[in-house]
Amino acid sequence: MSYQSKWQSLPTEAINEASLAIDKMSALDIVDLVVSEDRKVVAAVSRERERIAHGAEIIAGALKKKGRIFLVGAGTSGRLGVVEAAEMPPTFSTPPELVQAIMAGGQEAVFRAREGVEDNFEEGTRAVARLRVNKRDVMIGVSASGITQFVRGALTGARKVGARIIFVTCWPGADLQNYVDLIIAPAVGPEVIAGSTRLKAGTATKMVLNMLTTIAMVRIGKTYGNLMVDVKTGSEKLKDRAKRIVMIVTGLDGAPAAELLQRAKWNVKIAIVMQKAGLSATQAAKRLRQSDDFIREAIGEDIEPRLRALLKK
């Protein structure tokens with residue numbers, strides 16, 4: 001075959017020998033095949049562990065300096081960024097502008113594929129300008145193939161204003177080493193369906209983004225042990241979770257824990273510090289600010305022994 005393209009040599013476009021006969025396999029055999037291929041994803045992500053940890057520290061450092069986090073992508077990569085950004089406020093009570101997604105094609109492309117928008121380098125640059133990205137911010141470019149022009153345009157705009165740049169791709173050979181601060185590139189190999197990067201590449205990307213954001217949030221005090229103490233209590237389920245967390249940490253029963261949360265205006269951290277330090281809500285909020293929002297420092301107590309004891313019951 002004499003035809004050559006810039007995509008054909010990418011690992012995300014390669015043909016997977018293990019799935020050559022997938023259209024002749026039973027449904028159960030395809031399940032086994034996909035599970036076998038997905039095991040390679042975990043290994044590939046694990047090989048990037050040091051880079052992922054470094055990326056999380058970059059993000060945490062930016063957040064501590066009042067910077068914002070932007071995730072930019074197209075297609076599946078862009079939608080994964082949207083999911084990540086959307087989950088931060090309910091999980092960690094962050095303001096919506098703190099972690100934002102930039103999707104090629106805009107909001108409409110989140111729900112319905114808009115082919116071709118990923119090829120627009122200039123629109124990626126304009127998207128960054130509209131959001132007034134600055135040197136305190138971190139831009140996370142997400143592109144399974146490593147060559148998405150919309151993403152590259154956004155990264156170019158972010159670099160011009162001095163933002164830190166992390167690039168998440170499944171092509172270890174991406175030619176951006178001198179262009180970004182950090183590349184995280186799990187080499188997942190060819191997809192079960194050649195070129196369908198919503199599969200292994202998508203899974204690997206989701207794992208990496210989960211770790212980057214979660215680790216960064218832990219590093220700025222958004223958990224106490226592994227308890228979601230900055231949970232946003234906007235539903236009955238989340239209010240119940242908040243009450244159970246307060247009960248676990250303080251030893252209070254259900255009704256007193258709920259009353260304490262009401263006095264704390266359903267802020268779990270403030271409620272815990274109020275009870276453990278014998279402070280008013282205003283005093284507890286001040287103590288938390290003085291402790292950089294870490295409960296452990298605010299009350300001088302480690303939750304791990306209590307959690308281990310509860311697990312043994």
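Summary table
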| quantity | calculated |
| --- | --- |
| Positions within the range 268-278 being among the hydrophobic types (A, V, I, L, M, F, W, C) and crowded, with 18+ Cβ neighbours inside 10 Å, in sequence order | Val268, Ile270, Ala271, Ile272, Val273, Met274 |
| Residue that is surrounded by the most Cβ atoms within 10 Å (Cβ to Cβ) [pool: residues in the range 97-151 that are closer than 27 Å to Leu63 by Cβ and basic (Lys, Arg)] | Arg136 |
| Subset of the range 18-29 (residues that are without any contact (Cβ under 8 Å) to a residue 60 or more places away in the chain and in a helix (DSSP H, G or I)) | Asp23, Lys24, Ala27, Leu28, Asp29 |
| Complete set of residues in the range 81-93 that are crowded, with 22+ Cβ neighbours inside 10 Å and either outside the structural domain of Met211 (by TED's automatic domain parsing) or among the polar types (S, T, N, Q) (or both) | none |
| Selection status of Gly162, in contact (Cβ under 8 Å) with a residue 40 or more places away in the chain and assigned to a loop (DSSP other than H, G, I, E, B) | no |
| Number of the condition not met by Thr282 [criteria: (1) farther than 20 Å from Phe92 by Cα; (2) among the hydroxyl-bearing types (Ser, Thr, Tyr); (3) surrounded by 16 or more Cβ atoms within 10 Å (Cβ to Cβ)] | (3) |
| Residue in the range 189-211 that is of a type in the set (Gly, Ala, Ser), buried (at least 22 other Cβ atoms within 10 Å of the Cβ) and either in contact with a Leu (Cβ under 7 Å, 6 or more places away or on another chain) or not in a helix (DSSP H, G or I) (or both) present | no |
| Output for the range 203-221, where each listed residue is small (Gly, Ala, Ser) and closer than 19 Å to Pro186 by Cβ | Ala204, Ala216 |
| Residues (more than 30 Å from Gly221 (Cβ to Cβ), surrounded by fewer than 19 Cβ atoms within 10 Å (Cβ to Cβ) and of a type outside the set (S, T, N, Q)) located in the range 28-78 | Leu28, Asp29, Ile30, Val31, Asp32, Leu33, Val34, Val35, Asp38, Arg39, Lys40, Ala43 |
| Qualifying residue in the range 132-152 (condition: more than 25 Å from Met207 (Cα to Cα) and without any contact (Cβ under 8 Å) to a residue 24 or more places away in the chain) | yes |
| Failed criterion for Asp292 (all others in (1) part of a helix (DSSP H, G or I); (2) surrounded by fewer than 21 Cβ atoms within 10 Å (Cβ to Cβ) hold) | (1) |
| Count - residues of the range 229-271 that are within 24 Å of Pro305 (Cβ to Cβ), in a loop (DSSP other than H, G, I, E, B) and in contact with a Pro (Cβ under 9 Å, 6 or more places away or on another chain) | 1 |
| In the range 212-234, the residues that are of a type in the set (Lys, Arg) and either at pLDDT 95 or above or surrounded by fewer than 17 Cβ atoms within 10 Å (Cβ to Cβ) (or both) | Arg219, Lys222 |
| Segments classed as helices (runs of 4 or more DSSP H), wholly inside the range 42-126, with at least 1 members that are in contact with a Leu (Cβ under 8 Å, 6 or more places away or on another chain) | 49-64, 75-92 |
| Subset of the range 79-107 (residues that are under 11 Å from the mean Cα position of the chain (by Cα) and hydrophobic (A, V, I, L, M, F, W, C)) | Leu80, Val82, Val83, Ala85, Ala86, Met88, Val99, Ala101 |
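This table checks each residue for (1) over 20 Å from Thr282 (Cα atoms); (2) without any contact (Cβ under 8 Å) to a residue 24 or more places away in the chain; (3) not assigned by TED's automatic domain parsing to the domain that holds Gly300.
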| site | (1), (2), (3) |
| --- | --- |
| Val231 | no, no, yes |
| Thr250 | no, no, no |
| Ala257 | no, yes, no |
| Trp266 | no, no, no |
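The values are calculated or read from the model by the stated rules, or taken from the named source; none is laboratory data. Source: prediction; values computed, not measured. Backbone-built Cβ (ideal geometry, glycine too); neighbour counts: all protein chains shown.
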